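*Asks:* One structure coming up, written as C-alpha coordinates, with questions to follow.
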Amino acid sequence: MSSPKVLFGFHAVGVRLKTAPQSIIEIYFEPTRRDARMRQFLERAREANARLIEADGLRIAKLAGSHGHQGVAARVEALPQAHSLDELLEKLEADGVAPLLLVLDGITDPHNLGACLRVADGAGAHAVIAPKDHAAGINATVAKVASGAAETMPYFMVTNLARTLGELKERNIWIIGTSDDAPKTLYQVDLKGPVALVLGAEGEGMRQLTRKTCDELVSIPMRGAVESLNVSVASGVCLYEALRQRTG
(Lines give C-alpha, C1' and ligand atoms only; values in the text may rest on other atoms or scores of the structure.)
Protein backbone atom coordinates (compact mmCIF):
# COMPACT_ATOMS: atom_id res chain seq x y z
CA MET A 1 0.00 0.00 0.00
CA SER A 2 1.43 3.38 -0.96
CA SER A 3 1.73 6.04 1.72
CA PRO A 4 -1.10 8.57 2.31
CA LYS A 5 -1.12 11.76 0.26
CA VAL A 6 -2.64 15.20 0.74
CA LEU A 7 -5.38 16.83 -1.32
CA PHE A 8 -6.47 20.41 -0.74
CA GLY A 9 -9.11 22.84 -1.97
CA PHE A 10 -12.88 22.31 -2.17
CA HIS A 11 -12.85 20.78 -5.64
CA ALA A 12 -10.06 18.22 -5.20
CA VAL A 13 -11.29 17.05 -1.78
CA GLY A 14 -14.93 17.22 -2.94
CA VAL A 15 -14.25 14.93 -5.92
CA ARG A 16 -12.61 12.38 -3.59
CA LEU A 17 -15.62 12.60 -1.22
CA LYS A 18 -17.88 11.86 -4.17
CA THR A 19 -15.84 9.11 -5.88
CA ALA A 20 -14.02 7.28 -3.06
CA PRO A 21 -15.05 8.51 0.42
CA GLN A 22 -13.73 5.32 2.05
CA SER A 23 -10.19 6.30 1.02
CA ILE A 24 -10.26 9.52 3.10
CA ILE A 25 -8.30 9.22 6.34
CA GLU A 26 -9.21 12.64 7.73
CA ILE A 27 -10.28 16.09 6.59
CA TYR A 28 -8.85 19.27 8.15
CA PHE A 29 -11.02 22.38 7.95
CA GLU A 30 -10.84 25.96 9.12
CA PRO A 31 -13.73 26.49 11.61
CA THR A 32 -13.59 30.29 11.27
CA ARG A 33 -14.78 29.96 7.66
CA ARG A 34 -18.58 29.73 7.92
CA ASP A 35 -19.77 30.68 4.43
CA ALA A 36 -22.26 28.62 2.38
CA ARG A 37 -19.56 26.76 0.44
CA MET A 38 -17.89 25.53 3.63
CA ARG A 39 -21.25 24.60 5.20
CA GLN A 40 -22.23 22.54 2.13
CA PHE A 41 -18.80 20.90 2.04
CA LEU A 42 -18.95 19.91 5.74
CA GLU A 43 -22.47 18.56 5.27
CA ARG A 44 -21.24 16.27 2.45
CA ALA A 45 -18.24 15.22 4.54
CA ARG A 46 -20.48 14.29 7.49
CA GLU A 47 -22.85 12.37 5.20
CA ALA A 48 -19.81 10.39 4.00
CA ASN A 49 -18.80 9.72 7.64
CA ALA A 50 -15.41 11.37 7.05
CA ARG A 51 -13.30 12.16 10.11
CA LEU A 52 -13.28 15.97 10.51
CA ILE A 53 -10.55 17.87 12.34
CA GLU A 54 -10.61 21.60 13.10
CA ALA A 55 -7.35 23.35 12.20
CA ASP A 56 -6.20 26.91 11.68
CA GLY A 57 -5.14 28.22 8.26
CA LEU A 58 -1.44 27.98 9.03
CA ARG A 59 -1.63 24.30 9.98
CA ILE A 60 -3.63 23.53 6.81
CA ALA A 61 -1.12 25.49 4.71
CA LYS A 62 1.74 23.43 6.18
CA LEU A 63 -0.11 20.20 5.46
CA ALA A 64 -1.02 21.28 1.92
CA GLY A 65 2.32 22.94 1.14
CA SER A 66 0.32 25.89 -0.20
CA HIS A 67 -1.71 28.87 1.03
CA GLY A 68 -4.31 28.29 -1.72
CA HIS A 69 -6.11 25.60 0.30
CA GLN A 70 -9.45 27.48 0.77
CA GLY A 71 -9.55 26.24 4.38
CA VAL A 72 -9.78 22.54 3.46
CA ALA A 73 -7.23 19.71 3.17
CA ALA A 74 -7.46 15.93 3.43
CA ARG A 75 -5.10 13.06 4.06
CA VAL A 76 -6.13 10.24 1.73
CA GLU A 77 -5.03 6.80 0.61
CA ALA A 78 -3.81 6.60 -2.99
CA LEU A 79 -6.41 5.10 -5.32
CA PRO A 80 -5.54 1.96 -7.31
CA GLN A 81 -4.85 2.61 -10.99
CA ALA A 82 -3.33 0.60 -13.82
CA HIS A 83 0.16 -0.25 -12.60
CA SER A 84 1.82 0.16 -15.96
CA LEU A 85 1.24 1.64 -19.39
CA ASP A 86 1.40 -1.88 -20.86
CA GLU A 87 -1.37 -3.06 -18.53
CA LEU A 88 -3.57 -0.12 -19.54
CA LEU A 89 -2.96 -0.60 -23.28
CA GLU A 90 -3.62 -4.34 -23.09
CA LYS A 91 -6.96 -3.67 -21.40
CA LEU A 92 -7.92 -1.10 -24.07
CA GLU A 93 -6.94 -3.58 -26.80
CA ALA A 94 -9.01 -6.34 -25.16
CA ASP A 95 -11.99 -3.95 -24.97
CA GLY A 96 -11.56 -2.94 -28.62
CA VAL A 97 -10.93 0.72 -27.71
CA ALA A 98 -8.58 2.92 -29.78
CA PRO A 99 -6.15 4.54 -27.28
CA LEU A 100 -6.03 8.33 -27.02
CA LEU A 101 -2.85 9.33 -25.17
CA LEU A 102 -1.35 12.71 -24.23
CA VAL A 103 2.46 12.81 -24.11
CA LEU A 104 4.09 15.80 -22.38
CA ASP A 105 7.77 16.43 -23.10
CA GLY A 106 9.47 18.84 -20.69
CA ILE A 107 6.46 20.11 -18.73
CA THR A 108 7.97 20.96 -15.33
CA ASP A 109 5.42 23.48 -14.00
CA PRO A 110 2.93 21.78 -11.62
CA HIS A 111 0.16 24.25 -12.58
CA ASN A 112 0.58 23.33 -16.25
CA LEU A 113 0.62 19.62 -15.44
CA GLY A 114 -2.52 19.92 -13.30
CA ALA A 115 -4.34 21.77 -16.08
CA CYS A 116 -3.20 19.16 -18.66
CA LEU A 117 -4.51 16.31 -16.47
CA ARG A 118 -7.81 18.13 -16.08
CA VAL A 119 -8.27 18.65 -19.82
CA ALA A 120 -7.13 15.07 -20.58
CA ASP A 121 -9.78 13.76 -18.19
CA GLY A 122 -12.42 16.06 -19.68
CA ALA A 123 -11.69 14.96 -23.26
CA GLY A 124 -11.66 11.26 -22.37
CA ALA A 125 -7.95 10.57 -22.90
CA HIS A 126 -6.83 7.23 -21.50
CA ALA A 127 -3.47 8.30 -20.01
CA VAL A 128 -0.87 11.07 -19.78
CA ILE A 129 2.78 10.10 -20.29
CA ALA A 130 5.89 12.11 -19.37
CA PRO A 131 9.64 11.47 -19.00
CA LYS A 132 10.89 11.07 -15.42
CA ASP A 133 13.79 13.50 -15.86
CA HIS A 134 11.95 16.34 -17.64
CA ALA A 135 8.59 16.54 -15.90
CA ALA A 136 6.67 17.57 -12.82
CA GLY A 137 5.47 14.77 -10.55
CA ILE A 138 2.05 14.63 -8.94
CA ASN A 139 2.00 16.80 -5.82
CA ALA A 140 -0.68 18.66 -3.87
CA THR A 141 -0.52 21.71 -6.19
CA VAL A 142 -0.98 19.49 -9.27
CA ALA A 143 -3.91 17.75 -7.57
CA LYS A 144 -5.62 21.06 -6.74
CA VAL A 145 -5.21 22.52 -10.24
CA ALA A 146 -6.36 19.22 -11.76
CA SER A 147 -9.65 19.54 -9.81
CA GLY A 148 -9.90 15.80 -9.14
CA ALA A 149 -8.36 14.59 -12.42
CA ALA A 150 -5.06 13.69 -10.71
CA GLU A 151 -7.12 10.94 -9.06
CA THR A 152 -8.77 9.61 -12.20
CA MET A 153 -6.28 10.18 -15.02
CA PRO A 154 -3.45 7.60 -15.21
CA TYR A 155 -0.10 9.46 -15.27
CA PHE A 156 2.93 7.40 -16.27
CA MET A 157 6.45 8.77 -15.86
CA VAL A 158 8.80 6.77 -18.09
CA THR A 159 12.59 6.45 -17.98
CA ASN A 160 13.16 6.86 -21.73
CA LEU A 161 10.46 8.76 -23.65
CA ALA A 162 11.82 7.96 -27.14
CA ARG A 163 11.88 4.24 -26.32
CA THR A 164 8.32 4.41 -24.95
CA LEU A 165 7.14 6.15 -28.12
CA GLY A 166 8.83 3.36 -30.11
CA GLU A 167 6.91 0.77 -28.06
CA LEU A 168 3.66 2.64 -28.73
CA LYS A 169 4.42 2.46 -32.47
CA GLU A 170 4.85 -1.32 -32.15
CA ARG A 171 1.26 -1.37 -30.86
CA ASN A 172 0.19 0.54 -34.01
CA ILE A 173 -0.38 3.79 -32.11
CA TRP A 174 0.26 6.77 -34.41
CA ILE A 175 2.58 9.36 -32.81
CA ILE A 176 1.55 12.92 -33.69
CA GLY A 177 3.80 15.74 -32.48
CA THR A 178 2.87 19.41 -32.37
CA SER A 179 5.22 22.01 -33.80
CA ASP A 180 4.81 25.63 -34.89
CA ASP A 181 6.60 24.93 -38.18
CA ALA A 182 4.72 21.75 -39.19
CA PRO A 183 3.34 21.80 -42.76
CA LYS A 184 -0.02 20.28 -41.78
CA THR A 185 -2.48 21.63 -39.23
CA LEU A 186 -4.17 19.60 -36.51
CA TYR A 187 -7.41 19.74 -38.53
CA GLN A 188 -5.85 17.95 -41.52
CA VAL A 189 -5.01 14.67 -39.76
CA ASP A 190 -7.11 11.65 -38.84
CA LEU A 191 -7.34 11.28 -35.06
CA LYS A 192 -10.00 8.53 -34.98
CA GLY A 193 -7.57 5.62 -34.63
CA PRO A 194 -5.02 4.79 -31.91
CA VAL A 195 -3.20 8.10 -31.33
CA ALA A 196 -0.60 9.63 -29.00
CA LEU A 197 -0.49 13.44 -29.15
CA VAL A 198 2.92 14.84 -28.16
CA LEU A 199 3.30 18.38 -26.81
CA GLY A 200 6.46 20.12 -25.67
CA ALA A 201 7.10 22.97 -23.29
CA GLU A 202 5.88 26.40 -24.33
CA GLY A 203 8.57 28.21 -26.31
CA GLU A 204 11.09 25.36 -26.40
CA GLY A 205 8.75 22.74 -27.84
CA MET A 206 9.63 19.05 -27.98
CA ARG A 207 13.19 17.87 -27.57
CA GLN A 208 14.93 16.93 -30.82
CA LEU A 209 14.91 13.16 -30.22
CA THR A 210 11.20 13.24 -29.33
CA ARG A 211 10.49 15.20 -32.49
CA LYS A 212 12.42 12.69 -34.64
CA THR A 213 10.46 9.81 -33.11
CA CYS A 214 7.07 11.24 -34.15
CA ASP A 215 5.29 9.72 -37.16
CA GLU A 216 3.83 13.08 -38.11
CA LEU A 217 4.02 16.73 -37.05
CA VAL A 218 1.07 19.12 -36.97
CA SER A 219 0.59 22.76 -36.03
CA ILE A 220 -2.24 24.57 -34.28
CA PRO A 221 -3.31 27.49 -36.52
CA MET A 222 -2.47 30.84 -34.92
CA ARG A 223 -4.37 33.82 -36.33
CA GLY A 224 -3.46 36.59 -33.90
CA ALA A 225 -0.31 38.29 -32.67
CA VAL A 226 0.79 35.61 -30.17
CA GLU A 227 3.04 32.87 -31.49
CA SER A 228 2.11 29.97 -29.23
CA LEU A 229 -0.44 28.72 -26.70
CA ASN A 230 0.11 27.58 -23.14
CA VAL A 231 0.66 23.80 -23.17
CA SER A 232 -2.55 23.03 -21.28
CA VAL A 233 -4.59 25.12 -23.74
CA ALA A 234 -2.81 23.44 -26.68
CA SER A 235 -3.52 20.03 -25.08
CA GLY A 236 -7.19 20.96 -24.87
CA VAL A 237 -7.34 22.05 -28.52
CA CYS A 238 -5.70 18.78 -29.68
CA LEU A 239 -7.60 16.38 -27.43
CA TYR A 240 -10.99 17.92 -28.10
CA GLU A 241 -10.36 17.78 -31.86
CA ALA A 242 -9.66 14.05 -31.40
CA LEU A 243 -12.86 13.73 -29.35
CA ARG A 244 -14.84 15.61 -32.04
CA GLN A 245 -13.54 13.29 -34.76
CA ARG A 246 -14.25 10.18 -32.71
CA THR A 247 -17.79 11.13 -31.76
CA GLY A 248 -18.82 13.21 -34.78
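The values are calculated or read from the model by the stated rules, or taken from the named source; none is laboratory data. None of the values given here were measured: they were computed from a predicted structure. In this analysis, Cβ positions are derived from the backbone assuming ideal geometry, glycine residues included, and neighbour counts consider all displayed protein chains. SASA here: full protein model, heavy atoms, side chains in, ligands and nucleic acids out. Shrake-Rupley method; radii C 1.70, N 1.55, O 1.52, S 1.80 Å.
*Asks:* Just checking, which of 123, 149 is modelled with pLDDT under 90 and open to solvent by less than 50 Å² (accessible area, probe 1.4 Å)?
*Replies:* Within the list 123, 149, the selection yields 149.
*Asks:* So, one more: Considering the range 50-88 alone, what residues qualify as being in a loop (DSSP other than H, G, I, E, B), open to solvent by less than 30 Å² (accessible area, probe 1.4 Å) and out of contact with any Lys or Arg (no Cβ under 9 Å at 6 or more places or on another chain)?
*Replies:* Scanning the range 50-88 gives a single hit, 55.
*Asks:* Tally up the residues in the range 197-210 that are touching a helix residue (DSSP H, G or I) at 6+ places or on another chain (Cβ under 8 Å) and either crowded, with 18+ Cβ neighbours inside 10 Å or at pLDDT below 90 (or both), please.
*Replies:* Here the count works out to 8.
*Asks:* Can you tell me which of 178, 159, 210, 152 is within 19 Å of the chain's Cα centre (by Cα) and within 14 Å of residue 102 (Cα to Cα)?
*Replies:* Matching residue, one of 178, 159, 210, 152: 178.
Yes/no matrix, rows are residues, columns are (1) free of Cβ contacts under 8 Å to residues at least 60 places away in the same chain; (2) under 20 Å from residue 136 (Cα atoms):
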site: 171; (1), (2): no, no
site: 188; (1), (2): yes, no
site: 197; (1), (2): no, yes
site: 204; (1), (2): no, yes
site: 240; (1), (2): no, no
site: 245; (1), (2): yes, no
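*Asks:* Select from the range 211-232 the residues that are at pLDDT 95 or above and closer than 18 Å to residue 128 by Cβ and write down the one among them that is surrounded by the fewest Cβ atoms within 10 Å (Cβ to Cβ).
*Replies:* For the range 211-232, the residue satisfying everything is 213.
*Asks:* Residues in the range 35-49 that are surrounded by fewer than 11 Cβ atoms within 10 Å (Cβ to Cβ) and under 17 Å from residue 69 (Cβ atoms): how many?
*Replies:* Qualifying residue count, the range 35-49: 1.
*Asks:* Considering every residue within the range 22-30, establish whether at least one is open to solvent by less than 30 Å² (accessible area, probe 1.4 Å), under 28 Å from residue 156 (Cβ atoms) and among the polar types (S, T, N, Q).
*Replies:* Yes: the range 22-30 contains one or more residues that are open to solvent by less than 30 Å² (accessible area, probe 1.4 Å), under 28 Å from residue 156 (Cβ atoms) and among the polar types (S, T, N, Q).
*Asks:* Just to be sure I understand the filter: pairs with C-beta atoms under 9 Å, separated by 6 or more residues or on different chains, first member in the range 208-230 and more than 26 Å from residue 161 (Cα to Cα), second member part of a strand (DSSP E or B) and open to solvent by less than 90 Å² (accessible area, probe 1.4 Å). Which pairs pass?
*Replies:* 221/185
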